[in-house]
1. Percent of accessible area on the chain owned by carbon and sulfur, 1.4 Å probe?
2. With a bin width of 10 angstrom, please list the P(r) values of region 290-337 as percents of all Cα-Cα pairs, from the 0 bin to the one holding the largest distance.
3. When the Kirkwood hydrodynamic radius is evaluated over all pairs of different C-alpha atoms of region 404-498, what value in angstrom, to one decimal, is obtained?
4. For K364 and D42 in one chain, what is 0.36 nm times their gap in residues minus the Cα-Cα distance, to one decimal in nm?
5. About its Cα centre, how strong a charge dipole does the chain have in debye, to the nearest 20, once Lys and Arg get +1 and Asp and Glu get -1 at the Cβ?
6. Check R475: other-chain or 5+ apart residues with amide H under 5 Å from its amide H, H built from backbone geometry?
7. So what's the Cα pair-distance distribution over region 300-384, bin width 5 Å, in %?
8. Over the Cα atoms of region 195-302, what Rg and Dmax result, in angstrom?
Amino acid sequence: MKYRSTRSDERVTSTYALLHGLAADGGLYVPETFPENTLVYDDIKGKSYIDTACIVLEKFFTDFNRSDIRKMVEKAYNSTTFDDERIVPLRSLDTDVSVAELFHGRTAAFKDLALSLFPYLLTAAKEKEKEVGQILILTATSGDTGKAALEGFKDVEGTNIAVFYPEDGVSPMQKLQMQTQEGQNISVTAIDGNFDDAQSMLKRIFTDKEINDYVAEKGAVFSSANSINIGRLLPQIIYYVFTYASLVDDGVIGEKESFDVVVPTGNFGNILAAYLAKKMGIPVGTLICASNRNKVLADFFATGVYDMNRDFYVTTSPSMDILLSSNFERFLYYLTNGDVDAVKVWEKELQETGKMSVPEALLKKIDLTFAGDWIDDEETKNVINYAYNDETYLMDPHTAVAYGVYLKRKRQGLVSGRHTVIMSTAHPYKFPPAMCRALGLPVDENPFDSLERLTALSGIGIPYSLKRLQDLPLRFTETVDKSEMKRTVTKFIDDATR
Ligand SMILES: *Cc1c(COP(=O)(O)O)cnc(C)c1O
C-alpha cells in the first residue's frame, strides 16, 4: 500500500513515510487507499492485544511481511513494557460508561502504546529503504510524547532523538521524567515558549533547505516521533479495535451495537485514530472531542471556524495545551474525500492568518460523527473529586476533562443512550499537585511526598517508572529561546554524526 500527501500528489511507500515523517510539501502522509470496512467482530473476537495489533497493522504496512510485523509487535507489547497483561484494560464506571486505560506502559501515558512499537517500525523501514546513515528524530512534546519517545529510542542503534518541551508547560513529574532520561543518543531541551511554538518550529526545520542540505551532507536523515508520523498514528487504531472487542467479549454491548468514545484531545491524533478505526468497520457512534480551556476544537465543532488567534492557557491538563492540532489536517483530508487542493488552501490560510473555516454543508457532515465540548480547570478538579468519591475511580486531569465533557453533555440531555468509553490517557500519578488539590490533600513541595499521600488515600501503588525518578540525577536542564531551536538542532546533528 502506498501513502500520499494531504497536500499534493506526492506518493511514497509506507517505509519511506515512516522514515521521513512529513511529506516534502509540508503535508502529512495518509494511506492512498484506506482499508475501509475490512474488520468485523469475528476477526478480533477474544483476541489478545498482540493478535489484534497484527490484524490491524498488516492492513497498513504491506511493505513488511507478516512474521516481521508479529516479531515487532511481540517486542512492543509484553510484560516488560506494560504493567497490565491485557495492555489496555477496560474498567466499568457504571452500566453506561467504561474507561479504557491507556496508561499502563513504561512512561504512564497513552503515548507508550504507539511509541513502544514505533522504534521497531522505524528501524525496519530504515533497512528496507537501504538507508545507512543515522536517523535524527526531532520531537516536540506537550509533556508525554517526549518521554515515551525517549524511552522507546534510547540507545537504539542508528537512531538519535532530540526532544523539545515547553519549559513552563509540563507537570513537575513530566519534566523530571525528561530531565533524568538515560541513554547516549538523546538530547532534551526546554524552550521558552509553548508547545505550538516547538511544533511549528520543528515543522519549519523539517522543510528548511539549508538544514536539510546539512543533514544530507552528513549522510543522515530527519524523522519525527510526533503523531504527524504514520508510525505513531496508525498503531493507535489498535486500541480502539481491541476496546470494541473487549466490550463485546465482556457482554457490555452486543456485536452489532455501537459505542461512543470521549477523547481528551490536543494534537488530534488519538481521536483521529478512533475515526480511522470507525472507517475500518468498528462500530463507533459519536466521537466526542474533549478540550480544556484551549478550546479551539470545541469552537470548531460548534461553528466550523478554526481560529487560533486567541490567548494560550497553561492548564492542569498540559498535554492538551495546544492551539494548532497537527492531525486536524488529516481530518480535513478525510472530510473532503481526499480533496488535496482544498486541504492545501486551508493549511495555507491557517499558516498565514491562524484561521480557516469549512462550508456549512461540511460542518453538517461533521456533526453526524463528531461532537466537541470543553471544561475548565475548576470543573476538572470537581470531576476528579466526584469520580473518586462517588465512583471510587481515580482519574488523571486529562481523563477528567473527557469524563467532565461526558457529564456536561449528559446534563444537557445530549447523550445518545449508547455505551460510552472514556479514553484514559495518563496515570493520575503523573500529576501529583493537581491530583492533591482536587482531592483536598495538601500540596507538597516535593511531588514524591504527594505521591505517598495519594497512595495512602487510594491504595494504588506508585508505578516503578515514576518512583525511581527520585533517585536519578538530572541530566538535561538547559532552556533555550524558541528562536534558538535551529542552533540546538544543528548541534544535535553534529553530535549524532560525529
Ligand atoms: C498527548 C496527550 C493527549 C492529547 O492527545 P492527542 O493525540 O495529541 O490529541 C491527551 N492526554 C494526555 C495525557 C496526553 O499525553
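The values are calculated or read from the model by the stated rules, or taken from the named source; none is laboratory data. Quick caveat: nothing in here was measured; it's all calculated off a predicted structure. Neighbour counts are summed over all protein chains in view; Cβ atoms, including those assigned to glycine, are modelled from backbone coordinates with ideal geometry. The protein model used for the area step is the full one, side chains on, heavy atoms only, and it has no ligands, DNA or RNA in it. Shrake-Rupley method; radii C 1.70, N 1.55, O 1.52, S 1.80 Å.
1. Numbers: 8690 of 18690 Å².
So the carbon and sulfur contribution to the accessible surface is 46 percent.
2. Answer for region 290-337: a P(r) of 26, 54, 18, 2 percent.
3. Values: mean 1/r = 0.0563 Å⁻¹.
Value: 17.8 Å, from the Cα pair sum.
4. Numbers: separation 322, 0.36 × 322 = 115.92 nm, distance 3.31 nm.
Answer, rounded to one decimal: 112.6 nm.
5. Numbers: 55 positive and 71 negative charges, 130 e Å.
Roughly 620 debye for the chain.
6. T180, Q181
7. 3, 12, 21, 24, 17, 12, 8, 3, 1
8. For region 195-302, the Cα-based Rg and Dmax read 18.4, 58 Å.
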